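Worksheet: the structure to be examined is printed underneath.
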Amino acid sequence: MPLYILFCQICIAIIALPIHILYMLGLWDPIAKKAMPYLLNRITKTYNKYMKEYKKELFSNLGDFKGPSGNLKVLELGCGTGANFQFYPSGCTVTCVDPNPNFRKYLTKSLAENDHVHFEDFLIAPGENMPQVASGSMDVVVCTLVLCSVENVDGILAEIHRVLKPGGAYYFLEHVTADPSSWNYFFQIILNPTWRHIADGCKLTKETWKYLEKSKFSDVKYKHVLAPFKWSPVRPHIYGFAIK
């Protein structure tokens, strides 16, 4: 690693020194778990404002995967505050999975604001291990802005593949690493060591599309886009869907 990159990383770490100390003492994680739902509740409103058209395009054919009964069973992993509910088709049944129980309050509020969605259950579990969800039981799995903070991406993709019905679809939208020749990438590199602590394990430089390309899905379609967030380290995104 070039010395100037290391120097910049150290400078950022010094600015965020209290967070690093709390992390080393094992005190930061419980603080982050309680604070994250409150922060995301505010952040996702702004995120949806800027990403609305991308999300509308992404979820436009969600209804095509309804089962023979005409019902659409959706499993959302890392559901957070329910920021995607407004884009779901009317009458779909949603099961939510998140390892952080502190999202429940905000999830309940979001469901009340989106009464076109039928709520099934809220399961507290990591996406890599959710035995509560039967194999081949879901028409669609939605997982957005989650894989950036997952250590075992192959594991969560395998679980998504397991719970989907044959012919079912996995919808994704993730921020990813930038072009290595860009300033965006430079800022991602210098921010990444501290960002991971602040953002609950989120990694700025993950090449998520490579995991998707080598997964078990029969067909993977995605686009690379730059989100309209000026000077943000999370501008580069991919979005699309994969078929089991």
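Among all residue pairs at least 6 apart or on different chains, which show Cβ distances below 7 Å where the first residue, located in segment 86-98, is farther than 13 Å from Ser110 by Cα and the second is small (Gly, Ala, Ser) and surrounded by fewer than 18 Cβ atoms within 10 Å (Cβ to Cβ)?
What qualifies is Pro89/Gly63; Val97/Ala125.
Quick check on this structure: which one of Asp121, Asp98, Asp115 is crowded, with 17+ Cβ neighbours inside 10 Å and among the acidic types (Asp, Glu)?
From the options Asp121, Asp98, Asp115, the qualifying one is Asp98.
Given the condition touching a residue at least 12 places away in the same chain (Cβ under 8 Å), more than 22 Å from Met36 (Cβ to Cβ) and touching a Phe, Trp or Tyr at 6+ places or on another chain (Cβ under 9 Å), answer yes or no: does some residue in segment 106-116 qualify?
Checked segment 106-116: at least one residue is touching a residue at least 12 places away in the same chain (Cβ under 8 Å), more than 22 Å from Met36 (Cβ to Cβ) and touching a Phe, Trp or Tyr at 6+ places or on another chain (Cβ under 9 Å).
Report those helices (runs of 4 or more DSSP H) wholly inside segment 1-72 carrying at least 2 residues which are closer than 17 Å to Thr144 by Cβ.
28-58
What number of residues within segment 7-22 satisfy the criterion of being over 27 Å from the mean Cα position of the chain (by Cα) and closer than 10 Å to Pro193 by Cα?
1
When segment 195-212 is examined, which residues are found to be more than 18 Å from Val141 (Cβ to Cβ) and either in contact with a Ser or Thr (Cβ under 9 Å, 6 or more places away or on another chain) or at pLDDT 95 or above (or both)? Before you say what the answer is, go through the steps one by one.
Here is the first cut: in segment 195-212, the ones more than 18 Å from Val141 (Cβ to Cβ) are 195-207, 210.
If the condition is that a residue be more than 18 Å from Val141 (Cβ to Cβ) and either in contact with a Ser or Thr (Cβ under 9 Å, 6 or more places away or on another chain) or at pLDDT 95 or above (or both), then Arg196, Ala199, Asp200, Gly201, Cys202, Lys203, Leu204, Thr205, Lys206, Glu207, Lys210 are the ones that fit.
Just to be sure, is Gly82 in contact (Cβ under 8 Å) with a residue 12 or more places away in the chain and assigned to a loop (DSSP other than H, G, I, E, B)?
Numbers: in contact (Cβ under 8 Å) with a residue 12 or more places away in the chain: yes; assigned to a loop (DSSP other than H, G, I, E, B): yes.
Judged against the criteria, Gly82 is a match.
Scan segment 130-176 residue by residue and report those that are within 23 Å of Ala83 (Cβ to Cβ), at pLDDT 95 or above and of a type in the set (Ser, Thr, Tyr).
Answer for segment 130-176, where residues must be within 23 Å of Ala83 (Cβ to Cβ), at pLDDT 95 or above and of a type in the set (Ser, Thr, Tyr): Thr144, Tyr170, Tyr171.
List pairs: first in segment 208-234 and in contact (Cβ under 8 Å) with a residue 60 or more places away in the chain and farther than 23 Å from His161 by Cβ, second of a type in the set (Ser, Thr, Tyr) and surrounded by fewer than 15 Cβ atoms within 10 Å (Cβ to Cβ), Cβ under 6 Å, 6+ apart or cross-chain?
Close Cβ pairs (under 6 Å, with a partner that is of a type in the set (Ser, Thr, Tyr) and surrounded by fewer than 15 Cβ atoms within 10 Å (Cβ to Cβ)) amount to Pro228/Tyr50.
Please identify the pairs in which a residue from segment 143-169 that is free of Cβ contacts under 8 Å to residues at least 60 places away in the same chain has its Cβ atom under 6 Å from the Cβ atom of a residue that is open to solvent by 20 Å² or more (accessible area, probe 1.4 Å) and in a helix (DSSP H, G or I), counting only partners at least 6 apart or on another chain.
Val153/Tyr211
The values are calculated or read from the model by the stated rules, or taken from the named source; none is laboratory data. Small disclaimer: the values here were computed from a predicted structure and weren't measured. Glycine gets a Cβ as well: all are built from the backbone with ideal geometry, and neighbour counts include every protein chain shown. Note: areas computed on protein heavy atoms with side chains; ligands, DNA, RNA excluded. Shrake-Rupley method; radii C 1.70, N 1.55, O 1.52, S 1.80 Å.
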